[in-house]
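Here is the structure we will look at.
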Amino acid sequence: MPGPSMPKFQVSKTVPETALRAGILRDGARAVPEETPVAFTFGGSTHAVMMATPGDLEDFAVGFSLTESIIAEPGQIEAVEAIADEVAGNLGIDLQITLKDEQNDMLRLRRRHMAGPVGCGLCGIESIEQAVRPTPDVSASPLRLSEEDVVKAVALLNGQQPLHFETRAVHGAAFYVPGRGLIAVREDVGRHNALDKLVGAAARAGFRGSDGAVVVTSRVSVEMVQKTAVVGSPVIIAISAPTALAIRTAEAAGMTLIALVRGDEFEIFTHAERIKSGAIADVA
C-alpha cells in the first residue's frame, strides 16, 4: 500500500478547568481527547464522515474499508493519504483512499452514504435492509477459550490504553490470542472507530481474525458484532452489556458473545460451548 507518509495529528489536548476537591474549588488542568471530523474519500467522492480521534489513520482507513465490505483484503488499496482541512478554526481530515481499479468500479455501484454522530454507527443508510445486512458465519472457527482467557483478555486491555489513562474519555478495542495475549490495541472516542482501527491494524500485520477474540470496552451493538464477524473472529468480549439485536445476530452467526466482564465474573449470551469450563486461576 504505497503512498505518502501519514502525518501525525494531536490526539489529546490539555485544557484549563476548575475542579471541586475535598469541598474546595481549585483551578487546574486536565487532558481531553481530540474529536475531529474524518472523511473517507474514494476516487474523489466522500463515502462517509465520522467523528473520531485523529490517530492511527491508516489503520482506520483499512479497517473501515474492510468492515464496510469495500475491500476484501488490504492489498486492494493502492494508497492512503491524510489531508488536513481547517474549517471555521476546526481541524478536519480527509482520508483519500485510492483503490485498485476493480474495487473502484464495484464501489461506484454502491449507493450507500453514511454521515452522522459517532455514537450511531448506522446513520445515513438508505434502507432497512442495509441496517440488517447479512453477517458472515464464523461457526466453523475451531477457537476455544478458557474462563481464564476471558478474564485475562479484559485485564490486559485495561492496562494497555494510554489515551484512556490520560483522558478517561475514549474506548478501547483489542485482539486477544490464547497463549500470546493482546496482539493489537487501538483507541478512539467512538467505539465503532476503535474497532475499525483495530481491524485495520490486525489486517495490515497479517493477523487472522479466526485465531482470536475481539475485546472491547463498550456495550455490544449489532454493528460491533457485524464488524467482528467480517474479520472472522468467532468471539467478542465486552465490559458492558449487549443489545437484544446484537445477541440475535451473534447467535445466528455462530459467534460467542461474552459481556459484563467484572473481575473474574462474566456472562455468556451465545454459544457458550466455545468456553472451556474450569476453575479460574489468579490473573493479576
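The values are calculated or read from the model by the stated rules, or taken from the named source; none is laboratory data. These numbers come from a predicted model, not from an experiment. Cβ coordinates were reconstructed from backbone atoms using ideal geometry, including for glycine residues, and neighbour counts include every protein chain displayed. Only protein heavy atoms, including side chains, enter the accessible area calculation; ligands, DNA and RNA are left aside. Shrake-Rupley method; radii C 1.70, N 1.55, O 1.52, S 1.80 Å.
Based on this model, can you work out whether Glu223 counts as touching a His at 6+ places or on another chain (Cβ under 8 Å) and farther than 19 Å from Leu145 by Cα? Spell out how you get there, then give the answer.
Values: touching a His at 6+ places or on another chain (Cβ under 8 Å): yes; farther than 19 Å from Leu145 by Cα: yes.
Taking the combined requirement at face value, the residue satisfies it.
Residue count for region 223-243 satisfying the condition of being in contact with a helix residue (DSSP H, G or I) (Cβ under 9 Å, 6 or more places away or on another chain), open to solvent by 10 Å² or more (accessible area, probe 1.4 Å) and free of Cβ contacts under 8 Å to residues at least 60 places away in the same chain: 2. Cβ-Cβ contacts under 6 Å between residues 6 or more apart (or on different chains), taken from a first residue in region 256-274 that is without any contact (Cβ under 8 Å) to a residue 24 or more places away in the chain to a second residue that is open to solvent by 60 Å² or more (accessible area, probe 1.4 Å), are listed as Leu260/Glu267; Thr270/Glu251.
Note on region 142-169: residues that are part of a helix (DSSP H, G or I), open to solvent by less than 70 Å² (accessible area, probe 1.4 Å), more than 23 Å from Ala272 (Cβ to Cβ) and not polar (S, T, N, Q) total 2.
Yes/no per residue for (1) more than 24 Å from Pro136 (Cβ to Cβ); (2) buried (at least 16 other Cβ atoms within 10 Å of the Cβ); (3) not small (Gly, Ala, Ser):
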{"position": "Phe42", "(1), (2), (3)": "no, yes, yes"}
{"position": "Ser45", "(1), (2), (3)": "yes, no, no"}
{"position": "Thr67", "(1), (2), (3)": "no, yes, yes"}
{"position": "Gln76", "(1), (2), (3)": "no, yes, yes"}
{"position": "Ala82", "(1), (2), (3)": "yes, yes, no"}
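Gly172 meets the conditions (1) surrounded by 22 or more Cβ atoms within 10 Å (Cβ to Cβ); (2) assigned to a loop (DSSP other than H, G, I, E, B); (3) not aliphatic (A, V, I, L, M) in every case but one. The failed one is (2). For the subset of region 176-210 comprising residues that are closer than 16 Å to Ala229 by Cβ and of a type in the set (A, V, I, L, M), which member is most open to solvent (accessible area, probe 1.4 Å)? That would be Ala203. For region 47-58, filtering for residues that are crowded, with 22+ Cβ neighbours inside 10 Å and part of a strand (DSSP E or B) leaves 2.
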